[in-house]
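Accompanying notes for the structure given below.
The values are calculated or read from the model by the stated rules, or taken from the named source; none is laboratory data. Being a predicted model, the structure only gives us computed values, none of them experimental. Here the Cβ positions follow ideal geometry from the backbone for every residue, glycine too, while neighbour counts run over all protein chains shown. Surface accessibility is based on the protein's heavy atoms, side chains included, excluding ligands, DNA and RNA. Shrake-Rupley method; radii C 1.70, N 1.55, O 1.52, S 1.80 Å.
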Protein chains: 2
Amino acid sequence: MSVTAAQGFTAAGIPIGLKSTGAPDLALVRNTGPSTASASVFTSNRCKANPVLWSERVAAGGEVSAIVLNSGGANCYTGDEGYRTTTATAEAVAEVIGVEAGTVLVCSTGLIGDQLDRSRLVGGVATIAAALADGEAAGQDAARAIMTTDSVPKLAERRSASGWTIGGMAKGAGMLAPGLATMLVVITTDVELDSASLDHALREATRVTFDRLDSDGCMSTNDTVSLLASGASGVVPETGEFIAELTALCRDLTLQLQADAEGADHDVAIEVVGAATEQDAVDVARAVSRSNLFKAAIFGKDPNWGRVLAAVGTTDAAFDPYGIDVTINGVRVCRAGEPDEPRDRVSLEERAVQVLIDLHEADAAATIWTNDLTHDYVHENSAYSS
Amino acid sequence: MSVTAAQGFTAAGIPIGLKSTGAPDLALVRNTGPSTASASVFTSNRCKANPVLWSERVAAGGEVSAIVLNSGGANCYTGDEGYRTTTATAEAVAEVIGVEAGTVLVCSTGLIGDQLDRSRLVGGVATIAAALADGEAAGQDAARAIMTTDSVPKLAERRSASGWTIGGMAKGAGMLAPGLATMLVVITTDVELDSASLDHALREATRVTFDRLDSDGCMSTNDTVSLLASGASGVVPETGEFIAELTALCRDLTLQLQADAEGADHDVAIEVVGAATEQDAVDVARAVSRSNLFKAAIFGKDPNWGRVLAAVGTTDAAFDPYGIDVTINGVRVCRAGEPDEPRDRVSLEERAVQVLIDLHEADAAATIWTNDLTHDYVHENSAYSS
């Protein structure tokens, strides 16, 4: 599991005192090659954190030797001083492992608007470089060091019969909404592919996975998903299989993020079918996923389909308001815009909830994964400055 | 105060058993003339309730003799059966007061997807027509009968030195977001104006009042704001003064809706200045008003300006991410995208909160009124099927 599953990678995770709790807060993943091809996608938020501003430039070059990640501070809206902290961290990593600073990605997560302790970061780099290892424990250490309000580390792995592997780690529990859902994700693979091929595959995979997680409608300033390829397996994968496995791995991590969303009691899959276009399906599902009234009703185990339709009605998607069916956990509570089966037949006792919306227009479909709106969500996000 | 403040109107509010609590749930407002000019605006939600479908047709005719409103059920997504309940109610009112059914507006509020009890409604019309009166108590009765989760009736009145009056009542506590903010509003006036002039004035007024209330981002299926003019004062008002007074009355009712929003601890005014266009200012303020993380932070008395900027960054408005100032309750916590005054200088002990965002682009400005996200909001909307 994790980022050390594929050949050609080492990792580590250690505490350096950025978190007041003393928990691990610095992670490093190194690609030992022979190849250093990569692809990354970043938040579409226009207010980007300093590590994103730096890493976008590095990613554009295609070659990534290492990625250094810290929790305990987002380094966002920290001005020139914050940007220099990012560059100093990249330079320290480059020096200690003997690569160009321009091939080192930097990710940060935590509170916006506070300066990171640069000397702790730069000082920590030498320590963590000495701890780099290729075993499973090292990958798990790295995954733990990027956690913020996450209750568990998120790890995934896929192995191809053709002799190659993809592994990954993710963090993210709040500010989960696309472009991308808030998260830091590092995926490593030992396939032989160039950066352009990796970029194509990563965009295909994230489009239908991380981009369709919308836990709380709030888009982060720090989201980064990076895919690093070492080529150490010596295998050039079949493109379709690689994209399929990468997508499966991304979906696995996406559902782990959903399952650990701050304060959530329910994991809700909103599936829209019968849409005129895939974008219509996404728009409708996303509108429902962002309705606080719908989300509070799910928390209260109330299959309130009126709130589903009220959210559907705010979109520009093609539909006849009196041609929509809504099914909740297998019970069709609304048919063609009228009450159908009694709502008390719907059980919302389980954590998993499926809301199926049939627009009866054409054949396009999409699913958005979201969570309910709970007392614990309010508590965590009012009591925790993040 | 209320809808009987202006000359030429009678009103009543009575219980007819639609609400299980026995609280008043039927209201009637009659325009006794001599004029029956009117204007109305309705929800922009494409999933519209039956009374909205009916009332849109009535409103298009311009003449409105009466408006009948019920709480205890939204009559939305109730199919042909529900539509016939609406028309039967209008016809009953028309018959008992001797007007055309096509001049009777109908409004309903409550749970979506349940049939209203048609016989109670039609039977209640004769009773309420006999109770119509022109005193202040009658206006207050009507305002009470349209309440759902509202804790207080909402009433307002403006009197012109030129001898005319505007009065109004409103309901709305949840599903408060524009186009329009969820509500039923009836405004009465004794000016002499034709329906086209009233329509112009009403749209000018609602555009900067009800349309800028965004308590919880959820758009209703039943919103209606109707303005009825009796002409009973015999005065043709000066257009500018009439629009100004109507806008002041609408703002008064808007702020009453905000103050009574479900579960809210804080009334938050998000003022965006220095925008390139008014629409940019609205877009930015609305994005912040819809950030659950920002709203939960305000509940927790945490002046978390990073969450303000993260929301601003999701918009297409013109701004330089490193040229934005954020001031909360008078303390400039962020200047040009960097931390400015310490956040602990901000007090959020009071209910009223002002967030001022300066985009430093040009001179356009707008304010969106919202509320915080609280435990009580989650509780009311998970425990109460509405």
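By accessible area, using a 1.4 Å probe on protein heavy atoms only, the protein assembly as shown has 47% of its surface on carbon and sulfur. Rg and Dmax over the alpha-carbon atoms of chain B stand at 21.4, 67 Å. Neighbouring Cβ atoms from other chains, within 10 Å of the Cβ of residues in A:262-269, number 1 on average. Dividing the Cα radius of gyration of region B:64-150 by 2.2 N^0.38 Å, with N the residue count, gives 1.07.
Sorted from longest to shortest, the spans of the Cα atoms of region A:177-315 along the three principal axes equal 55, 35, 24 Å. Only one residue of A:PRO34, A:GLY123, A:GLY79 has its Cα farthest out toward the positive end of the dipole of region A:2-259, where Lys and Arg carry +1 and Asp and Glu -1 on Cβ, and that residue is A:GLY79. Under 5 Å between amide hydrogens, built in the peptide plane, is the criterion, and for A:LEU213 it picks out A:ALA181, A:TRP369 among residues at least 5 positions away or on other chains. Computed 3J(HN,Hα) for region A:14-22, one whole-Hz value per residue from the Karplus formula 6.51 cos²θ - 1.76 cosθ + 1.60 where θ = phi - 60°, is 9, x, 10, x, 6, 7, 5, 6, x, glycine and proline marked x. A Förster radius of 45 Å combined with the Cβ-Cβ distance from A:GLU100 to B:HIS360 puts the calculated FRET efficiency at roughly 0.75. A Förster distance of 60 Å, applied to the separation of the beta-carbon atoms of B:GLU56 and B:ALA161, puts the FRET efficiency at 0.95. Helix content alone sets the calculated 222 nm mean residue ellipticity of chain B: runs of n ≥ 4 DSSP H residues at -39500 (n - 2.57) each, divided across all residues, give -10500 deg cm²/dmol.
Rounded to the nearest 0.05, what FRET efficiency do B:ASP80 and A:ALA248 have when you use their Cβ-Cβ distance and R0 = 51 Å? The value I calculate is 0.65. Rounded, prolate or oblate: which one fits region A:232-313, using the alpha carbon gyration tensor with axes a ≥ b ≥ c (rounded when a/c is under 1.5, else prolate when a/b beats b/c, else oblate)? It is oblate, given that a/c is not under 1.5 and a/b is not larger than b/c. On full extension, the segment bounded by B:ASP316 and B:GLN115 gains 68.2 nm, given 0.36 nm per residue less the C-alpha separation.
Three semi-axes describe the equivalent ellipsoid of the protein assembly as shown; taken as square roots of 5 times the Cα gyration tensor eigenvalues and ordered largest first, they are 54, 28, 20 Å. Annotation: region A:267-383 has a Kirkwood hydrodynamic radius of 14.1 angstrom, from the mean reciprocal C-alpha pair distance.
Between chain A and chain B, roughly 4600 Å² of accessible surface gets buried, counting both sides and using a 1.4 Å probe. Here the simple spin-label model places points 7 Å from the Cα toward Cβ, and for B:ALA196 and A:ARG203 these points are separated by 5.3 nm. Once divided by 2.2 N^0.38 Å, the Cα radius of gyration of region B:1-137 becomes 0.98.
Solvent-accessible surface of region A:267-383, taken per residue with a 1.4 Å probe and all protein chains present: 35 Å².
Taken about its Cα centre, chain A carries a charge dipole of about 800 debye when Lys and Arg each add +1 at the Cβ and Asp and Glu each add -1 at the Cβ. Principal-axis analysis of the Cα atoms of chain B puts helix B:118-131 at an angle of about 80° to the longest axis.
Spin-label pair B:ALA23-B:GLU349: with each label point 7 Å from Cα along the Cα-Cβ axis, the two points sit 3.3 nm from one another.
Remark: region B:2-259 carries 31 Å² of accessible area per residue (probe radius 1.4 Å; ligands, DNA and RNA excluded).
Here the dipole of region A:267-383 is about 340 debye; that uses its Cα centre as origin and unit charges on the Cβ of Lys and Arg (positive) and Asp and Glu (negative). Per-residue mean of foreign Cβ neighbours for B:296-305 is 5 (Cβ atoms of other chains, 10 Å radius). Each Lys and Arg Cβ is given +1 and each Asp and Glu Cβ -1; about its Cα centre, the protein assembly as shown then shows a dipole of about 740 debye. Here the spin labels are modelled as points 7 Å beyond Cα on the Cα-Cβ line, and at B:VAL236 and A:THR127 they lie 8.3 nm apart.
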